[in-house]
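Below: one structure, written as structure tokens.
Every number in this text was worked out from the coordinates using simple rules, so none of it is lab data. None of these values were measured; they are calculated from a predicted model. Positions of Cβ are generated from backbone atoms using ideal geometry, with glycine treated the same way; all protein chains shown enter the neighbour counts.
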Amino acid sequence: MGFTRLLDSWPVVRQLRDGDPLGLGSAVRSERSRTLKPRIAEADHVGHSICPFCAVGCAQLVYVQDGEVTQIEGDPASPISRGRLCPKGAASKSLVTSPHREYKVKYRPPHGTRWEELPLEDALEMIVDRVLAGRDATWQETTEEGKPARRTMGIAHLGGATLDNEENYLIKKLYTALGIVQVENQARI
């Protein structure tokens with residue numbers, strides 16, 4: 001590298017030579033910054049989604065290249081978030097691409113010391129069996145005064161903040177049909 005080329009690589013020299021004494025223009029751009037491209041430039045297509053972390057419903061743009069999610073950003077067209085995401089929403093790409101993401105049902109039996117993989121169908125059957133057994137064991141057809149109750153007090157539900165209004169509506173309908181009356185959501189607590 002020649003001496004002149006070395007001097008030209010220094011921002012201060014470029015500032016004085018190019019008439020940019022405050023260093024607000026091209027004088028402060030390095031070769032690396034000149035060649036930078038946004039992560040979304042190579043995306044094949046953009047999917048529209050909703051952030052899963054809370055019930056606010058911030059819209060997201062999901063950039064996909066070769067079938068892989070490459071970036072998730074806020075959607076500026078959203079009237080809710082206007083393109084902004086909280087730190088959790090901005091990090092939601094890790095939900096899809098993290099090497100620690102679980103793809104199989106894990107189950108630890110009573111008194112077990114290790115997690116075991118379980119087929120999804122078996123896990124769902126276990127849940128159904130336990131809900132129905134708990135419901136049957138604690139079913140109240142009438143109150144102590146003899147009035148109709150048709151409920152169970154042996155099962156309760158506490159929803160999380162990631163559930164949106166539609167999901168909460170469906171959960172409430174399901175649990176009401178099962179006779180479960182203790183249904184709450186952490187967003188209200």
hull vol. (C-alpha, convex hull) per residue for the range 80-189, Å³ -> 184 Å³
Per DSSP, the loop-located GluC sites (Glu not before Pro) within the range 25-82 having at most 14 other beta carbons within 10 Å are 42
Output ordering of 83-93, 110-120 (per-residue mean of other Cβ within 10 Å, highest first) is 83-93, 110-120
The farthest towards the positive end of the charge dipole of the range 45-97, of the residues 85, 70, 95, given +1 on Cβ of Lys and Arg and -1 on Cβ of Asp and Glu, is 85
Per the charge dipole of the chain (beta-carbon charges, Lys/Arg positive, Asp/Glu negative, Cα centre), the residue among 176, 13, 56 reaching farthest to the positive end is 13
Given the candidates 157, 133, 36, the one whose Cα lies deepest towards the positive end of the charge dipole of the chain, counting +1 at each Lys or Arg C-beta and -1 at each Asp or Glu C-beta, is 36
Stokes-Einstein D for the chain (37 °C, 0.692 mPa s, Kirkwood Rh from Cα pairs), in µm²/s, comes to 145 µm²/s
Within the range 50-65, the residues whose backbone N lies under 15 Å from a label point placed 7 Å from the Cα of residue 101 along the Cα-to-Cβ direction are 50-53, 62-65
Looking only at aspartates and glutamates whose Cα falls under 14 Å of residue 172's and that sit 8 or more positions away or on another chain, we get 164, 184
For the chain, the longest principal axis of the Cα atoms and the Cα long axis of helix 120-137 enclose an angle in degrees, to the nearest 10, of 40 degrees
What helix-only [θ] at 222 nm does the chain give? Using -39500 (n - 2.57) per DSSP H run of at least 4, over all residues, to the nearest 500, the answer is -8500 deg cm²/dmol
With +1 on the Cβ of every Lys and Arg and -1 on the Cβ of every Asp and Glu, the dipole magnitude of the range 1-120 about its Cα centre, in debye rounded to the nearest 20, is 360 debye
Subtracting the Cα-Cα distance of residue 24 and residue 91 from 0.36 nm times their residue separation yields 21.0 nm
Length gained, residue 138-residue 36, 0.36 nm per residue minus C-alpha separation, equals 30.3 nm
Any GluC sites (Glu not before Pro) in the range 124-175 that lie in a DSSP loop and have at most 13 other Cβ atoms within 10 Å would be 144, 145
Relative to the chain, whose Cα atoms define the longest principal axis, helix 165-178 and its Cα axis are tilted in degrees, nearest 10, by 20 degrees
Too long for a 31 Å Cα-Cα cut-off, among 106/147; 37/106; 147/173, are 106/147; 37/106
In debye to the nearest 20, the charge dipole size for the range 45-97, taken about the Cα centre with +1 at each Lys and Arg Cβ and -1 at each Asp and Glu Cβ, equals 260 debye
